[in-house]
Amino acid sequence: MTEIRNTIRFLLNDRLIELADVSPVQMLLDFLRIDRNLRGTKEGCAEGDCGACTVLVGRLLDGKLTYESVNACIRFVASLDGCHVVTVEALAQPNGPLHPVQQAMVDTHASQCGFCTPGFVMSLYGLWMANPKPSMQDIEKALQGNLCRCTGYAAIIRAAQAISSIGEVGKDPLVAEREKITQQLAALRDGRRVEIGGEDERVVLPASLDDFAAVIEANPKATIVAGSTDVGLWVTKFMRDIAPVVHLSHLDELRRISVDAEGVTLAAGVSYTQALPVVVRHFPQLRELWERIGGEQVRNMGTVGGNIANGSPIGDTPPALIALGATITLRKGTRRRTLPLEAFFIEYGKQDREPGEFVESIRIPFLADGGSFAVYKVSKRFDEDISAVCGAFRLKLDGTGRVADAVIAFGGMAGTPKRASNVEAALKGVPWNDPSIDVAVAAFEQDFTPLTDWRASAGYRMLVAKNLLRRFYLETQDKSNVRIARAAAVAV
Ligand SMILES: Cc1cc2nc3c(=O)[nH]c(=O)nc-3n(C[C@H](O)[C@H](O)[C@H](O)COP(=O)(O)OP(=O)(O)OC[C@H]3O[C@@H](n4cnc5c(N)ncnc54)[C@H](O)[C@@H]3O)c2cc1C
Ligand code: FES
Ligand code: FES
């Protein structure tokens, strides 16, 4: 018999919060500003884009406490059970000295109107704790999800570089008291299922993966919430009623990564940030794509499972994972089935997922020896923008320079992420050379009838798809770089 708790418990700065009444759509930002009068955290866009609402959330994963920047505007309060929320108010006591991050912002004149400043401070705080001497690249990556409309970024970058000359990270309370906080959070984890609210307002945090499977099977219409970087916007932008809601981000079993001789398996709740080191080690060609998904806060929350399950035609991971030959495992109750990732996407808005079933894991096989792979993301803005077109290519040549195998998958070209099967067929068995590419690019017209929307016109999309194949071909001509690791930003 599963034991049940009817409250959400988490630490907010130095206080324990216990809530019996949590709406399924209640966001952390509203809770902070309205319920707790903590107004340092700002609302800019309410859709995860501007970073004005950035706070840190610490959570235990396999006993280790990690703090990450998140967007409070799209983070559900219910998902915080067992976490430590740190807001800008925790940094300096009233009339006390400024925190080193704040002092650095003052010293380098990194704030004008100040609206974005608390968000930048929290992103920089998270960066400094994890990496006190960041490189320029590290700083830019940590700030991809923060927008400033008046100061400009040069002074903020100087602030990031100055923090360690002002304060010692080891003396920061979140570092110095890490053991105590870890114990406090461990004590909050009682292994119970959390259930809040009545029928129309029900929120469930299952006790384990098996419990999650049972809850979803019994409530097939429930909304599954992983990182909430898509679902959060259904609430803040479309005012959708999403109850009943079942959260999974607290389940350690859905955050496991395993590597064996043949490939990598990501449990569906693994976040982009968590997966990055493993992805980069085994699939270096994916680094740039991965680091251009959302901003740091979105990558800290968002999951690969969520990117696949939402079935978007412009999700960034499906084209790359389809080209790599990935499979997904779906689970309903105790039954599992595994299918090629491409087969999951049936048509726009329709995936091969039965009621009561969920995505449990994604398996990515290693690239065969001598194979080439590349993925290119084309978006209006380089950082924190969703693709207009995303193309991924995997190629294997035989000993005579002919194409033994070509797998080509695109996002942004159809109602689902989709393989270019006519282009693949045109390439099969022919020499990998200019005349073959000229013939093959024409086959894109049979594979795709792209749409015109505000991201790109149909004609532009078709031209980009053809040019990406040409680009891939040209890059494979550089024999010193058989494993290609590039992604492109092209102004539409
Ligand atoms: C500012 C911003 C920038 C973004 N930039 C990008 C980008 O550059 N590229 C990109 O591809 N996406 C981008 N996104 C979209 C989003 O971050 C991704 O799609 C992300 O991977 C979604 O994962 P999640 O865990 O947040 O999913 P959620 O929002 O929690 O869920 C998404 C959908 O998947 C379902 N779901 C989640 N997990 C499971 C599961 N295990 N089984 C079954 N169903 C499940 C949910 O019910 C929901 O339908 C961006 C979003 C924001 C807010
Ligand atoms: S308010 Fe803009 S990211 Fe949250
Ligand atoms: S200081 Fe005004 S928006 Fe950044």
If you bin the C-alpha pair distances of region 28-81 every 5 Å from 0, what whole percents do you get? 5, 21, 26, 25, 13, 7, 3
Residue farthest toward the positive end of the dipole of the chain, with Cβ of Lys/Arg at +1 and Asp/Glu at -1: which of THR452, LEU233, VAL423? VAL423
Pairwise label distance in nanometres, ARG202 with ASN6, each label 7 Å out on the Cα-Cβ vector: 1.5 nm
Counted charge near PRO100, where neighbours are those whose Cβ lies closer than 11 Å (Asp, Glu -1; Lys, Arg +1): -2
Hey, got a sec? Which chymotrypsin sites (Phe, Trp or Tyr not before Pro) in region 187-261 land in a DSSP loop and have at most 15 other Cβ atoms within 10 Å? PHE238
Nonlocal amide H pairs with VAL264, under 5 Å, H built at 1.01 Å: ILE364, PHE366
State whether region 212-259 is rounded, prolate or oblate according to the following rule on the C-alpha gyration tensor (a ≥ b ≥ c being the square roots of its eigenvalues): a/c under 1.5 gives rounded; otherwise a/b larger than b/c gives prolate, and the remaining case gives oblate. oblate
Could you order peptides 185-191, 426-432, 75-81 by the average number of other Cβ atoms within 10 Å of their residues, highest first? 75-81, 426-432, 185-191
Note down, for region 278-341, the three equivalent ellipsoid semi-axes (square root of 5 times each alpha carbon gyration tensor eigenvalue), biggest first, whole angstrom. 22, 15, 11
Using 0.36 nm per residue, how much length does the chain from ARG470 to ALA154 gain when fully extended, once their Cα-Cα distance is taken away? 110.1 nm
Scattering curve values for the chain, log₁₀ I(q)/I(0), Debye with Cα scatterers, q = 0.07 Å⁻¹: -0.39
If amide hydrogens are placed 1.01 Å from N in the peptide plane, which non-local residues have theirs closer than 5 Å to the one on GLN351? ILE346
Explain nothing, just the number: dipole magnitude of the chain about its Cα centre with +1 on each Lys and Arg Cβ and -1 on each Asp and Glu Cβ, in debye rounded to the nearest 20. 680 debye
In order over region 389-406: 3J(HN,Hα) from phi, Karplus 6.51/-1.76/1.60, θ = phi - 60°, whole Hz, x for each Gly or Pro, gives 9, 9, x, 10, 9, 10, 9, 9, 9, 8, x, 9, x, 8, 6, 7, 7, 9
For HIS109 and ASP260, extending 7 Å from Cα along the Cα-Cβ vector and measuring point to point gives, in nm, a value of 6.0 nm
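Treating the beta-carbon of each Lys and Arg as +1 and of each Asp and Glu as -1, no other charges, what is the dipole magnitude of region 47-111 about its Cα centre, to the nearest 20 debye? Display every interim value, and only then the final one.
Numbers: 3 positive and 7 negative charges, 29 e Å.
For this selection, approximately 140 debye.
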Could I have the simple spin-label model distance between ARG15 and ASP383, label points 7 Å from Cα toward Cβ, reported in nm to one decimal? 3.4 nm
About the Cα centre, charge dipole magnitude for region 210-251 (Lys/Arg +1, Asp/Glu -1 at Cβ), debye: 260 debye
Using the per-residue mean of other Cβ atoms lying within 10 Å as a proxy for protection, in what order, highest first, do the peptides 50-63, 397-410 fall? 50-63, 397-410
When only alpha-carbon atoms count, how far does region 144-257 stretch along each of its three principal axes, as whole angstroms with the largest first? 55, 38, 29
Would you calculate, for the chain, the mean residue ellipticity at 222 nm contributed by helices, counting each DSSP H stretch of 4 or more residues as -39,500 (n - 2.57) and dividing by all residues, to the nearest 500? -8500 deg cm²/dmol
Sequence neighbours fewer than 8 away in the same chain don't count; with that in mind, list the lysines whose C-alpha is under 23 Å from LYS237. LYS42, LYS221, LYS350, LYS380
Find which of GLY197, VAL259, GLN274 sits farthest along the positive direction of the dipole of region 186-303, computed with +1 on the beta-carbon of Lys and Arg, -1 on that of Asp and Glu, about the Cα centre. GLN274
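Each value in this text was obtained by applying a stated rule to the coordinates, not by laboratory testing. Since the model is a prediction, treat every value here as computed from it, not as a measurement. Glycine gets a Cβ as well: all are built from the backbone with ideal geometry, and neighbour counts include every protein chain shown.
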